[in-house]
Structures are given as structure tokens and as C-alpha cells.
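Okay, so here's the structure we're looking at.
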Amino acid sequence: MGKNKYLFVAGMLFAILAVSMGLTTLYAGFSGQKPQEKEITVVTSFYPVYIAAMNVIGDAENVRLENLSEPQTGCLHDFQLTPEDMKLLSTADVFIVNGGGIETFMKDVASAYPELVIVEACEFVELLSDGDETNAHAWLGVSEYRDMVQGIAEGLASADSMHEPLYRKNAAEYDDKLEKLQEKQQDVIRKLSGKNVVLFHEAFDYIAHDYGMNVSCVLDLDEERPVSAGEVSGVLSAVRDENANLILAEELYGKGVAEAVQKEADVTVVYLNPLNRGEYEKDSYLKGMEQNIKLLQEI
Ligand SMILES: [Zn+2]
């Protein structure tokens, strides 16, 4: 009997243990209905890529989107990564860049973080080029930007398959808005197509291309720099000899030279937004481009 009683107690203890273990498992099963996802950090190289990624990511849970410190003015040309940027990249799972060579620091990033997944927004975009140099400012062409958004969606979908349907849905919704933006360009295309223009930032090559304008002369003023008399006379001869009486410029760097040219020749200057910086809002690109369309419409 004594032995049986001992066995009975042991059996009861086992049963209690088994039930409580079962309950624990069951509880874990309930609380685990929403498994704790690991947070994913996505870093973008600069403004237009950030805005595109912001639209693709939308409200995806546990996805953190950050941008590099980036220059406060101008594009990314010759930008050097800061120690903060390197620190940020050390936490990144995915790094989305524009591509086309505008991120000159990519070699450093690839060697410092060989595991980092790099998505190149322009990978499948046909970039404009002036012979030997590729023009990476593709975001200013709406078709090119639409392709960039799809490229970002593809890259994110394969890096983070859990959110794949959401990324694709968000990208498609954003693409609808971009398609409407292109429709708004149509009147201006009819008006400006075939016109000879002078550009004061090579980025505007994509704007000229969108509207079917011919580029007679490019004076690349993407930074504070002295402009030689030879460059100004080059602009003046394009204006006079090729009837390129429209200048697409950027207010920040183009104003001084544009005013000097306007003293010598009858030209119209339009100050456009190159969208290489601005408000960090989802619709910033749409708003900036709509404003550019409006400015071109008013010529
Ligand atoms: Zn630039």
C-alpha cells in the first residue's frame, strides 16, 4: 500500500505538472497570436529616395525608416558620410540608394558593412547621359521616378517578405497618384515641346526630357562656385544663336548668373524645385512637382 500511495502522489504531481505545462503552452499560444516581429531598420541615402521609401513603407509595423544626415543644400555630389551616418548604417538592415553613381561613398559602405542589403532605386531605370557621363538625377523625371518607386518596392519586398503585400499595395497606390501627376504635365508638354532651353543644373535635364524640350546648354550650378566669363558667354551664345530663351534654374545657386544673363539678353528664367531637399512628408514630391508644372504653365 505504502508503495502504491507513493506512486499515486508521484502520478498526481506528474499530472499537475503536465496540466500546468499544457496551460503554459496554451497561454503562450494565445499571447503569441501576434508574434513579436523583429524591428527592421531601413536607411535611405537622401531626400527623394526617402520620400519614395516613405510612400512604399506606409504604416508597415516595426519598420523604422531613417535618412542619412545628407547635405543641407544641393544634391549628394561629393557628400562624405559623417560618423553619425556610419553609426546609423551599422543598425540598418536595408540601405536604399538612388544609384547611378551619385552616392560616391558606396565603396566605403560596402566594405564596412558587407552584410547590408543594398537596394538601388535606379537599378532598372534608363538614365539620361551626355555621352560619357550618366545623369543620376532621375527622380525629376516622373516616369523615371515611378520606376524608382517600383524598384524600391521590389527591393523591400525581397528583403522583408513579411510586408511584401503591403509594400506592393502602397507602391501601386502611390503610382496611381504619380500617373495623375503625369496627366497634369500634358498641357505644358504641348506648350513647351521642341523649345530650346538652357539649364542651370544638370538635374533639370530630366524636366527638359519630360516636356520634350531641347537642351542647348548646361551650366551646372549645383554648388556655390565662381562662374567664369567664358561660361556666361557660352550661355549668351546659346540664347542668341539657338533661340534658347528659356532658362531652367534653381533659386539657391542660379539667381546671380541668371540675373547677369538677363541684363544682356531677353530670356525668361524659371526657378524650379530640384526636390533634392524639402519637407519630410509623404506628398512632398507630388506637391513639389505640381508646383514645378504650375511654374512652367505660367511662362
Ligand atoms: Zn545635382
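The values are calculated or read from the model by the stated rules, or taken from the named source; none is laboratory data. These figures come from a predicted structure and were not determined experimentally. Backbone-built Cβ (ideal geometry, glycine too); neighbour counts: all protein chains shown. Accessible surface is based on the protein model in full, side chains and every heavy atom, while ligands, DNA and RNA are left aside. Shrake-Rupley method; radii C 1.70, N 1.55, O 1.52, S 1.80 Å.
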Among V117, V149, which is open to solvent by less than 10 Å² (accessible area, probe 1.4 Å), out of contact with any Lys or Arg (no Cβ under 7 Å at 6 or more places or on another chain) and in the same structural domain as A92 (by TED's automatic domain parsing)?
V149
Within the bounds of the stretch 154-164, is there any residue that is of a type in the set (A, V, I, L, M, F, W, C), open to solvent by less than 10 Å² (accessible area, probe 1.4 Å) and either out of contact with any Cys (no Cβ under 9 Å at 6 or more places or on another chain) or not assigned by TED's automatic domain parsing to the domain that holds D210 (or both)?
yes
So Y145 ticks every box in (1) in contact (Cβ under 8 Å) with a residue 12 or more places away in the chain; (2) part of a loop (DSSP other than H, G, I, E, B); (3) at negative phi but one. Which box is left unticked?
(2)
Looking across the stretch 218-233 at residues that are away from the ligand (no atom under 16 Å from the Cβ) and surrounded by fewer than 14 Cβ atoms within 10 Å (Cβ to Cβ), the single one that is nearest to the chain's Cα centre (by Cα) is P226
Considering residues that are within 13 Å of the ligand (Cβ to nearest atom) and in contact with a Leu (Cβ under 8 Å, 6 or more places away or on another chain), the number found within the stretch 197-217 is 8
Looking only at residues that are of a type in the set (K, R) and under 17 Å from the mean Cα position of the chain (by Cα) in the stretch 160-197, which one is farthest from V149 (Cα to Cα)?
K177
Tell me whether the stretch 98-107 contains one or more residues that are among the β-branched types (V, I, T), in a loop (DSSP other than H, G, I, E, B) and modelled with pLDDT of 65 or more.
yes
Sort out which residues of the stretch 47-65 are out of contact with any helix residue (DSSP H, G or I) (no Cβ under 6 Å at 6 or more places or on another chain) and over 13 Å from N98 (Cα atoms), and write them in order of number.
M54, I57, D59, E61, N62, R64
Can you confirm whether E126 is within 16 Å of the ligand (Cβ to nearest atom) and open to solvent by 10 Å² or more (accessible area, probe 1.4 Å)?
no
Selected residue (criterion: nearest to the ligand (Cβ to nearest atom)) from residues of the stretch 55-87 that are in a loop (DSSP other than H, G, I, E, B) and among the β-branched types (V, I, T):
T73
Condition check for A244: open to solvent by less than 10 Å² (accessible area, probe 1.4 Å), over 27 Å from I51 (Cβ atoms) and touching a strand residue (DSSP E or B) at 6+ places or on another chain (Cβ under 9 Å):
yes
Among what's in the stretch 27-82 and is more than 11 Å from the chain's Cα centre (by Cα), small (G, A, S) and surrounded by 12 or more Cβ atoms within 10 Å (Cβ to Cβ), pick the residue that is modelled with the lowest pLDDT.
G74
Does the stretch 163-178 contain any residue that is assigned to a helix (DSSP H, G or I), at pLDDT 95 or above and within 16 Å of the ligand (Cβ to nearest atom)?
no
Subset tally (residues that are open to solvent by 20 Å² or more (accessible area, probe 1.4 Å) and either in contact (Cβ under 8 Å) with a residue 60 or more places away in the chain or not β-branched (V, I, T) (or both)) for the stretch 129-142
5
